[in-house]
Amino acid sequence: MHIHELLSTTLFHPQIAITIEELAALTNMDMLYSHKIRFQLCLLLPLHFSSLLLLSLADNTYPVKYLINCGANSNVTFNNGVFVADINSPSFSTGESEQVNNFSTSIPLLYRTARVYRMPSSYGFEIDQESIYIVRLHFFAFLSRANLYDALFNVSASGFSLLTNFSIGNGTSSPVIKEFLLTIPQGEFRIHFIPSQQSSLAFINAIEVFLANETRITDDVFHVTSAGYNASQELKLLENQLTAIKRAEERKTCKRQESDRSGHRFGAGLGGSDAFWPARAWCWATLRGLHPQDSRRTPVHDEVLICIYSGLLSQALHTICGITFGGSPIEFDELWRSWVNDDSYLILNRGSAMNCTIYGQSPNYNHESVSNYTATDHIYQSCKQLKPDSDGNSSLLNLTWRFPVSKNTEHFVRFHFCDIVSKTAADLQFNLSIYSNYNKTIYPYFKTPDLASPFFIEYVVDSDDSGFTNFSISPSEQYSSILNAFLNGLEIMEFLNKSLVALRLKCTKAESDQSLGGLLYGGRLTEGSATGSPPSSLNLSLRISFAEIQYATKKFNAKLLIGEGGFGKVYKGTFRNGMKWL
C-alpha cells in the first residue's frame, strides 16, 4: 500500500484508533490541532472606517464592508450595498489621479465612473484590525476623455503582484471583477496602480475591502503535488527509509529539525539520516495504531507520511473559480462570490453522473468550522453524484472534472461536501482523487453523525505543466455499504507572486539640465526586486526629476542610506504619492 493510500484510510476512518489529537501528540506538533475544528467564528469587529461603515445584512453577522465608488461624486447602491464616492474623502487617499465618466444608460450604474492613473500611484486605507481580507477590484472600460480600452497596467498590494500587464479588451462588454485574499496588518494598506507604458494608463471603477470570515483559511493545509504527496526525491527517499524502519524489530528515535517561521524549512532525521523539503512544506512520519504516550516508538502497523503546507496565511490568493455541482449558477452569495455550474468541466463518465435532488431545508451547520460564509446554503443543497440503481448503489466509475489553471503553480483548493443523498447516516464512504495520484477516503460523518451536515477539505495543490488540474470522485468498495459518491462545491485560488516592490534607478546617458547647472543622469524607473532583474514584461519607462529624488530621500539623508554599489550609494525613499522605493 502506498503512503498516500495509508494516509487516506487512516486519518478519517472510524475504525482506525489514532485521532488527530493523537497524531499531533505523537509528533509533538501542535499545529495539527487546527484540523481538529477548533476555529471560532469571526467576531466581525467593525473596521472603524469612519463614514464608510456601510453594510450589515439582517439576520446575518455580515462582515462590515468597505465599498468605494471610484472617480464618483455621489454614492451608488449596487446589489444591496452602498458604494461610497471617493471624492474628497477623509478616510483614505486616492493618489495623484483624475476622474472620468460616461453616463450612458447602457452602462451599469456602478461602472459609469472611474479613477485614472497616468503615473504610478496608489489608493491608501487605514486598517484597524490585522486579519484576512477579501479585496475585490472592479473594472469596466468605456470611452471618455481617457480611453480606458487602451489601459495596460500592473496592480500590487501588500508586497504581492495582483495583476500584471492587465487590460480590458475592446470586445469586453461586462464588468471584470478580480478577487483576492490577503492578510493585511494593522496600519496603512495601499493598492498600487502602475501604468505599464509611458503612453498608457491605469484605472479602477470600484473597490471592495472587507474582513473574510475566520473559518475560510487556516495556516496549515495538506499539500499535494501533481505526482501525489511524495513527488520530490527527498520524499521518495523518506518513503524508502520508512519501509526499512517497518521491517526493523525496533524503531530508532525519530528526531525533527526545524527553523523558525522566517525560514520555513523543516526536516526529519530517520535512523540517523536527515531529509529536507522545500520551503513552507514539511512532512513527518508516524505509525498507525501507536498510542501517543508510548515512548518506545515501537512499530505496530503501517507508516503514514503526511505533508503539510505551513504558512498559508502569509500568502496572497487570487480566486480562479467557485464551482457549484448539480445546482444553478450563483451570481452573488452572502460574501458576493460567484459560483458557476460544473457541467462544462466534467470530462469523464458524464453519462453516469446525475444532479442530486435539491435539498429543500437549511443545511445542518452543526460544527464551528462551517457556516453560510464558508459557502452559501445553495452549494450544500445541491450536488453531483453517480447514478444509483434501485438498491441505491452506483457503478464503480470515476466522475472526473478538469479545470484550467496556471502551469507549475501552487493553488489553494477547497472541496465542499454535504450528504444530501443518503437515507441513513454512516452508510456512505467514497474516494476523492487529485491528479489520479492522490486518493483520500471521504467519510461524511467524521465531524457530526447527522445527514446534510456541511464540511470541507482543503489542500495546497501544485499544478504541472499541462495547464489543467483534475479531480475525481468514485465509490469505495472497501469501506462503504453503499456504492456512491458526491461533490457539492469547489473553490480554486492561485498563489500570487511576490511583488517586485523596489524601484531601482538605472543610468542611461548624461543629459544637461541647465536649471541645475550641471549634468543629470536620465533615470529610468523600473519595478524590480532588490535581488533580481526586473521582468521585461513590465515595460516601465518613467522619468523622475532630481528634485523628486531629493524629496524622496530627504536630501540624501544618511539615515536612509542602505549601501553602496557599482553606480554609487543606494538610498531608500518615499515619494509624494506614498510609494516607497530604492
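The values are calculated or read from the model by the stated rules, or taken from the named source; none is laboratory data. In this text the structure is predicted, and so the values were computed from the model without any measurement. Methodologically, a virtual Cβ is constructed for each residue, glycine included, from the backbone with ideal geometry; neighbour enumeration extends over all protein chains shown.
If you check every pair at least six apart or on different chains, which have Cβ atoms under 9 Å apart with a residue in region 332-343 that is at positive phi and touching a residue at least 60 places away in the same chain (Cβ under 8 Å) first and a residue that is part of a loop (DSSP other than H, G, I, E, B) and surrounded by fewer than 17 Cβ atoms within 10 Å (Cβ to Cβ) second?
Filtered contacts from region 332-343: TRP336/ASN79.
Which of the residues belonging to region 392-443 are under 23 Å from VAL370 (Cβ atoms) and touching an Asp or Glu at 6+ places or on another chain (Cβ under 8 Å)?
Across region 392-443, the qualifying residues are TRP401, HIS411, PHE412, VAL413, ARG414, PHE415, HIS416, ALA425, LEU428.
LEU396 passes all but one of (1) aliphatic (A, V, I, L, M); (2) more than 29 Å from the chain's Cα centre (by Cα); (3) over 30 Å from ALA227 (Cβ atoms); which number fails?
So the condition that LEU396 fails would be (3).
In the same structural domain as PHE83 (by TED's automatic domain parsing), β-branched (Val, Ile, Thr) and over 18 Å from ILE207 (Cβ atoms): which single residue out of THR113, THR105 fits that description? So that I can check it myself, show each step before the final result.
Values: THR113 fails: over 18 Å from ILE207 (Cβ atoms).
Criteria check complete, one pass: THR105.
Are any residues in region 435-464 in a strand (DSSP E or B) and either under 18 Å from the mean Cα position of the chain (by Cα) or not assigned by TED's automatic domain parsing to the domain that holds ARG414 (or both), and if so, which ones? So that I can check it myself, show each step before the final result.
Taking region 435-464 and keeping what is in a strand (DSSP E or B), we get 438-442, 455-462.
Of everything in region 435-464, those that are in a strand (DSSP E or B) and either under 18 Å from the mean Cα position of the chain (by Cα) or not assigned by TED's automatic domain parsing to the domain that holds ARG414 (or both) turn out to be PHE456, ILE457, GLU458, TYR459, VAL460, VAL461, ASP462.
For a quick check of your reading of the model, give me the residue pairs whose first member lies in region 350-365 and is farther than 27 Å from ASN398 by Cα and in the same structural domain as PHE325 (by TED's automatic domain parsing), whose second is among the aliphatic types (A, V, I, L, M) and assigned to a loop (DSSP other than H, G, I, E, B), with beta-carbon atoms closer than 6 Å and at least 6 apart or on different chains.
Close Cβ pairs (under 6 Å, with a partner that is among the aliphatic types (A, V, I, L, M) and assigned to a loop (DSSP other than H, G, I, E, B)) amount to ASN364/ALA452.
Of everything in region 387-408, what is farther than 28 Å from PHE332 by Cα and either part of a strand (DSSP E or B) or of a type outside the set (Gly, Ala, Ser) (or both)? Give them in sequence order.
Residues satisfying the conditions are LYS387, PRO388, ASP389, ASP391, ASN393, SER394, LEU396, LEU397, ASN398, LYS407, ASN408.
This table checks each residue for (1) of a type in the set (A, V, I, L, M); (2) more than 30 Å from VAL209 (Cβ to Cβ); (3) touching a Ser or Thr at 6+ places or on another chain (Cβ under 7 Å).
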position: LEU313; (1), (2), (3): yes, no, yes
position: GLY322; (1), (2), (3): no, no, yes
position: ALA353; (1), (2), (3): yes, yes, no
position: ASN366; (1), (2), (3): no, yes, yes
position: LYS384; (1), (2), (3): no, yes, no
position: ASP391; (1), (2), (3): no, yes, no
position: LEU397; (1), (2), (3): yes, yes, yes
position: LYS407; (1), (2), (3): no, yes, yes
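Return the only residue of ILE358, ILE320, ILE347, ILE379 being of a type in the set (A, V, I, L, M), part of a loop (DSSP other than H, G, I, E, B), modelled with pLDDT of 95 or more and under 19 Å from LEU487 (Cβ atoms).
The match here is ILE358.
For region 86-142: of the residues being assigned to a strand (DSSP E or B) and of a type in the set (A, V, I, L, M), which is farthest from the chain's Cα centre (by Cα)? Walk me through how you get there before you give the answer.
Of the residues in region 86-142, the ones assigned to a strand (DSSP E or B) are 92-93, 98-101, 113-117, 121-127, 131-139.
Subsequent filtering for residues that are of a type in the set (A, V, I, L, M) retains 100, 114, 116, 127, 132, 134-135, 137.
Numbers: VAL100: 32, ALA114: 27, VAL116: 28, ILE127: 20, ILE132: 11, ILE134: 10, VAL135: 11, LEU137: 15 Å.
That would be VAL100.
List, please: which pairs have Cβ atoms under 6 Å, are six or more places apart or on different chains, and start with a residue in region 193-205 that is hydroxyl-bearing (Ser, Thr, Tyr) and end with one that is surrounded by fewer than 24 Cβ atoms within 10 Å (Cβ to Cβ)?
Every condition considered, the pairs that remain are SER196/LEU152; SER196/PHE153; SER196/ASN165; SER196/ASN539; SER200/LEU152.
Regarding region 82-95, can at least one residue be identified that is touching a Ser or Thr at 6+ places or on another chain (Cβ under 6 Å) and over 29 Å from LEU313 (Cα atoms)?
So far as region 82-95 goes, yes, one or more of its residues are touching a Ser or Thr at 6+ places or on another chain (Cβ under 6 Å) and over 29 Å from LEU313 (Cα atoms).
Please enumerate the residues belonging to region 197-212 that are part of a loop (DSSP other than H, G, I, E, B) and surrounded by 22 or more Cβ atoms within 10 Å (Cβ to Cβ).
Hits for region 197-212 are LEU201, ASN205.
What single numbered condition from (1) touching a Pro at 6+ places or on another chain (Cβ under 9 Å); (2) under 27 Å from GLU368 (Cβ atoms); (3) buried (at least 22 other Cβ atoms within 10 Å of the Cβ) fails to hold for ASN484?
Result: ASN484 passes all but (2).
Give me a count of the residues in region 328-344 that are in a loop (DSSP other than H, G, I, E, B) and buried (at least 16 other Cβ atoms within 10 Å of the Cβ).
Summing the residues that are in a loop (DSSP other than H, G, I, E, B) and buried (at least 16 other Cβ atoms within 10 Å of the Cβ) in region 328-344 gives 6.
Go through region 65-82 and give me each residue that's part of a loop (DSSP other than H, G, I, E, B) and at pLDDT below 90.
The answer is ASN79, ASN80.
Tally the residues that are in a loop (DSSP other than H, G, I, E, B) and either at pLDDT 95 or above or buried (at least 19 other Cβ atoms within 10 Å of the Cβ) (or both), restricting the search to region 468-479.
The first filter runs over region 468-479 and keeps only residues in a loop (DSSP other than H, G, I, E, B), leaving 476-479.
Narrowing further to those that are either at pLDDT 95 or above or buried (at least 19 other Cβ atoms within 10 Å of the Cβ) (or both): 476.
Final tally of qualifying residues: 1.
Scan region 122-138 and give yes if some residue there is surrounded by 22 or more Cβ atoms within 10 Å (Cβ to Cβ), touching a Gly at 6+ places or on another chain (Cβ under 9 Å) and within 18 Å of ILE194 (Cβ to Cβ), otherwise no.
yes
Please go through (1) out of contact with any Lys or Arg (no Cβ under 6 Å at 6 or more places or on another chain); (2) farther than 15 Å from ASN102 by Cβ for SER122 and return the number of the only condition it doesn't satisfy.
Of everything listed in (1) out of contact with any Lys or Arg (no Cβ under 6 Å at 6 or more places or on another chain); (2) farther than 15 Å from ASN102 by Cβ, SER122 misses just condition (1).
Quickly run through region 420-438 and pick out the residues that are farther than 17 Å from SER472 by Cα and not β-branched (Val, Ile, Thr).
Those that are farther than 17 Å from SER472 by Cα and not β-branched (Val, Ile, Thr): SER422, LYS423, ALA425, ALA426, ASP427.
Return a yes/no flag: does region 81-91 have any residue that is among the acidic types (Asp, Glu) and under 30 Å from GLU334 (Cβ atoms).
Going residue by residue through region 81-91, those that are among the acidic types (Asp, Glu) are 86.
In the following step, the residues that additionally are under 30 Å from GLU334 (Cβ atoms) were identified as 86.
Within region 81-91 (the criterion being among the acidic types (Asp, Glu) and under 30 Å from GLU334 (Cβ atoms)), the answer is yes, since at least one residue qualifies.
Looking at ILE217, ILE194, which is the one that is within 28 Å of ILE87 (Cβ to Cβ) and either out of contact with any Lys or Arg (no Cβ under 6 Å at 6 or more places or on another chain) or not in a loop (DSSP other than H, G, I, E, B) (or both)?
Values: ILE217 fails: within 28 Å of ILE87 (Cβ to Cβ).
Only one candidate passes the filter, namely ILE194.
Name the residues in region 373-409 that are β-branched (Val, Ile, Thr) and free of Cβ contacts under 8 Å to residues at least 60 places away in the same chain, would you?
Of all residues in region 373-409, those β-branched (Val, Ile, Thr) come to 374, 376, 379, 400, 405, 409.
Hit for region 373-409 is THR376, nothing else.
Only one of these is out of contact with any Leu (no Cβ under 6 Å at 6 or more places or on another chain) and of a type in the set (Ser, Thr, Tyr): SER453, SER422. Name it.
Details: SER422 fails: out of contact with any Leu (no Cβ under 6 Å at 6 or more places or on another chain).
Going through SER453, SER422 in turn, the sole match is SER453.
Taking the residues in region 366-391 that are out of contact with any strand residue (DSSP E or B) (no Cβ under 8 Å at 6 or more places or on another chain) and under 14 Å from ASN488 (Cβ atoms) as candidates, determine which candidate is surrounded by the most Cβ atoms within 10 Å (Cβ to Cβ).
If we take residues in region 366-391 being out of contact with any strand residue (DSSP E or B) (no Cβ under 8 Å at 6 or more places or on another chain) and under 14 Å from ASN488 (Cβ atoms), then GLN381 is surrounded by the most Cβ atoms within 10 Å (Cβ to Cβ).
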